[in-house]
Amino acid sequence: MLPTSFIDRDSTAPPRAEPGQQWWRTAIIYQTYPRSFADSGGDGIGDLPGITARLDHLVELGVDAVWLSPFYPSPQADAGYDVSDYRDVDPIFGSLDDADKLLAAARERGLRVIVDLVPNHTSSEHPWFKAALAAGPGSPERSRYIFRPEKPNNWQSTFGGPAWTQVPDGEWYLHLFDAGQPDLNWDHPEVRAEFRDILRFWLDRGVDGFRVDVAHGLIKQADLADWHYPVEPLTGPATESIRPPMWDQDAVHDVYRDWRRVLEEYPGERILVAEAWVAPSERLAAYVRPDEMHQAFNFEYLEAAWTAAAQHEVITRSLAANAAVGAPTTWVLSNHDVLRHASRLGLPIGSPRPRGIGADDPQPDPVLGLRRARAATLLMLALPGSAYLYQGEELGLPEHTTMPDEARQDPMFRRTQGEQKGRDGCRVPIPWEADAPGYGFGPSGATWLPQPPVFAALALDRQRGVQGSTYEMYRSALRLRAQHQLGAGTLTWADGLDGVLTFQNGSVFVLTNFADTPAALPPGARILISSEPLDSDGKVPTDVTVWAEV
Ligand code: GLC
């Protein structure tokens, strides 16, 4: 049993990697979704002081950095991904002063901080868009957005429905997401200048980097050509020859070269991380060439099927594509846009990725899901490169799959008339204390989305110090990963049986068993950690990952 107060680093510890060591190449970066992490005020919505008060949790867990989803002033048409002022904090999340306090508290603890940047679109309440509406057709104000006198194509919003909305004077504007998120015109020099300035605003306040929202969307094909639906528009095509006209246009890379120059004006190692749903890996790797971004989320990895063959293929391909451009590979299993992996992996293998699950849909198997999620996490944390964790996955939280429709807030639910349940199920407020109202999310017990009853047993205080809990598994894995420098290591595949994935990373041998029968470890293997107990004869059961020294 681990002591419940055990903390790896004391609160004055400096960042783990010294300047010049490129900390981001091996970093574990923890995503907080501010609305749902911790509420300090009692309104049921998480906030920045809530995050600050809980930073020791992240230190105890053993991560290197925290990424904050948007906390800027916003009408919240898309939970803050609709920004009306890029240089302030929405009162529901606190104030600029609270942001500065969070940055200082993180720095004291040796944690880096990455903020979200939303450059593809503003909110329709942004002063620029309001000015564009007021100034009318043909005005310079309109040219910062994508207005047309007629609807020029058949594009659909990622959230459902048309991607064009008509304004009272008859013109149409483009929004690849909600109507409250008009797309900016990135051919306009003022747009480029504004975002350089926004970067500097936050770099001056001391942030360590930016997660760039919809990084593949800024530039649209000049002819705004029609696109052949149905095709999942947010996911890139498998081949280059059928690239949709709204995503992954070559000219977008000029923007990131420009931003890289801005970051390099600053001391320390500040980073850019691309959220780009682009395939194949080689197209994604273009975003992390030496003069562009530092990292890109590896969504092909997130989406890979739970089979030895699919995992082998995606890991091999990702490592090769990133190595070709000298970038670290990243790994991610969950975030605020996808089904939590403890539920996703409890669905039949090969089923299409649902955009949310409701009470009437086929339900994931929670036991199988968590078992596979733990195995997947240990596999991921053994890979060289940098990995992203999403708040609550260290507790093994499942998706809320039976949330009542009345509670849903994702614009995707509304825009598809409920056909897509949307992403609320992975955004539910975190359970900290099993016996407190709202499971300790905030002082009043209020939570902006309802929590499922299963959260009680998974609350942090039920898992802390409990051997075998998912939380202690994450902590041990992160400690061992740092100790054995797995992030900086090299992966060498070992010979495995069918359905068994085996590789060596430095001194650590890793085995994940996807097969129906138990798998044997090499003779003399000394177990470092396993995602579930081994069989009594020392074999590795199905859906289990083991790290060992051989
Ligand atoms: C990104 C965000 C998502 C948001 C969308 C529009 O995909 O991760 O949450 O809805 O961009 O900004």
Practice problem: Tally the residues that are within 11 Å of residue 120 (Cβ to Cβ) and more than 12 Å from the ligand (Cβ to nearest atom), restricting the search to the range 151-181. | Solution: 1
Quiz prompt | Search result, residues across the range 410-425 that are more than 18 Å from residue 75 (Cα to Cα), crowded, with 21+ Cβ neighbours inside 10 Å and touching a Phe, Trp or Tyr at 6+ places or on another chain (Cβ under 8 Å) | solution = 421, 422
Self-check item: Unmet criterion (only one of (1) part of a loop (DSSP other than H, G, I, E, B); (2) more than 13 Å from the ligand (Cβ to nearest atom)) for residue 80
Solution: (2)
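Do you know which residues across the range 92-138 are hydrophobic (A, V, I, L, M, F, W, C) and part of a loop (DSSP other than H, G, I, E, B)?
The first filter runs over the range 92-138 and keeps only residues hydrophobic (A, V, I, L, M, F, W, C), leaving 92-93, 96, 99, 102-106, 111, 113-115, 117-118, 128-129, 131-135.
Across the range 92-138, the qualifying residues are 92, 93, 111, 118.
Would you please name the residue that is surrounded by the fewest Cβ atoms within 10 Å (Cβ to Cβ), looking only at residues in the range 341-354 that are of a type outside the set (A, V, I, L, M) and in contact (Cβ under 8 Å) with a residue 12 or more places away in the chain? Walk me through it before giving the result.
Step one: of the range 341-354, the residues of a type outside the set (A, V, I, L, M) are 341, 343-344, 346, 348, 350-354.
If we keep only those that are in contact (Cβ under 8 Å) with a residue 12 or more places away in the chain as well, we get 341, 343-344, 346, 350, 353-354.
Details: 341: 29, 343: 26, 344: 26, 346: 24, 350: 9, 353: 12, 354: 20.
Only one residue fits best here, namely 350.
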Practice problem: Can you give me the number of residues within the range 198-220 that are more than 18 Å from the chain's Cα centre (by Cα) and aromatic (Phe, Trp, Tyr)? | Solution: 2
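Among 77, 179, 106, which is open to solvent by 10 Å² or more (accessible area, probe 1.4 Å) and in contact with a helix residue (DSSP H, G or I) (Cβ under 8 Å, 6 or more places away or on another chain)? Write out each step before concluding.
Numbers: 179 fails: in contact with a helix residue (DSSP H, G or I) (Cβ under 8 Å, 6 or more places away or on another chain); 106 fails: open to solvent by 10 Å² or more (accessible area, probe 1.4 Å).
Exactly one of 77, 179, 106 is open to solvent by 10 Å² or more (accessible area, probe 1.4 Å) and in contact with a helix residue (DSSP H, G or I) (Cβ under 8 Å, 6 or more places away or on another chain), namely 77.
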Quiz item: Can you tell me which residue in the range 207-246 is farthest from the ligand (Cβ to nearest atom), limited to those that are at pLDDT below 95 and within 30 Å of residue 112 (Cα to Cα)?
Solution: 235
Quiz item: Exactly one of (1) more than 15 Å from the ligand (Cβ to nearest atom); (2) surrounded by fewer than 20 Cβ atoms within 10 Å (Cβ to Cβ); (3) at positive phi is unmet by residue 62. Its number?
Solution: (2)
Exercise. Working carefully through the options 64, 85, find the one that is touching a residue at least 40 places away in the same chain (Cβ under 8 Å) and either aliphatic (A, V, I, L, M) or closer than 26 Å to residue 269 by Cβ (or both).
Key: 64
Practice problem: Take the range 428-451 and flag every residue that is open to solvent by 10 Å² or more (accessible area, probe 1.4 Å) and either within 16 Å of the ligand (Cβ to nearest atom) or closer than 24 Å to residue 353 by Cα (or both). | Solution: 448, 450, 451
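Here's the yes/no breakdown for (1) closer than 30 Å to residue 514 by Cβ; (2) away from the ligand (no atom under 16 Å from the Cβ); (3) surrounded by fewer than 19 Cβ atoms within 10 Å (Cβ to Cβ):
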site	(1), (2), (3)
309	yes, yes, yes
329	yes, yes, no
339	yes, no, no
357	yes, yes, no
Practice problem: Could you list, in sequence order, all residues of the range 360-383 that are in contact with a helix residue (DSSP H, G or I) (Cβ under 7 Å, 6 or more places away or on another chain) and open to solvent by 10 Å² or more (accessible area, probe 1.4 Å)? | Solution: 364, 370, 374
Quiz item: Looking at 26, 52, which is the one that is in contact with a strand residue (DSSP E or B) (Cβ under 9 Å, 6 or more places away or on another chain), open to solvent by 10 Å² or more (accessible area, probe 1.4 Å) and either under 23 Å from residue 451 (Cβ atoms) or of a type in the set (S, T, N, Q) (or both)?
Solution: 26
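Considering every residue within the range 466-481, establish whether at least one is open to solvent by 70 Å² or more (accessible area, probe 1.4 Å) and without any contact (Cβ under 8 Å) to a residue 40 or more places away in the chain. Break it down stepwise before answering.
Going through the range 466-481, the residues open to solvent by 70 Å² or more (accessible area, probe 1.4 Å) turn out to be 467.
Narrowing the set further to residues that are without any contact (Cβ under 8 Å) to a residue 40 or more places away in the chain leaves none.
There is no residue in the range 466-481 that is open to solvent by 70 Å² or more (accessible area, probe 1.4 Å) and without any contact (Cβ under 8 Å) to a residue 40 or more places away in the chain.
Return the only residue of 474, 439 being at pLDDT 95 or above, under 25 Å from the mean Cα position of the chain (by Cα) and more than 29 Å from residue 409 (Cα to Cα).
Working: 439 fails: more than 29 Å from residue 409 (Cα to Cα).
Result: 474 is the single residue among 474, 439 that is at pLDDT 95 or above, under 25 Å from the mean Cα position of the chain (by Cα) and more than 29 Å from residue 409 (Cα to Cα).
The values are calculated or read from the model by the stated rules, or taken from the named source; none is laboratory data. All of these numbers come straight from a predicted model, not from anything done at the bench. Note: ideal-geometry Cβ built from the backbone for every residue, glycine included; neighbour counts use all protein chains shown. Remember, those area values only see protein heavy atoms, side chains included, never the ligands or the DNA or RNA. Shrake-Rupley method; radii C 1.70, N 1.55, O 1.52, S 1.80 Å.
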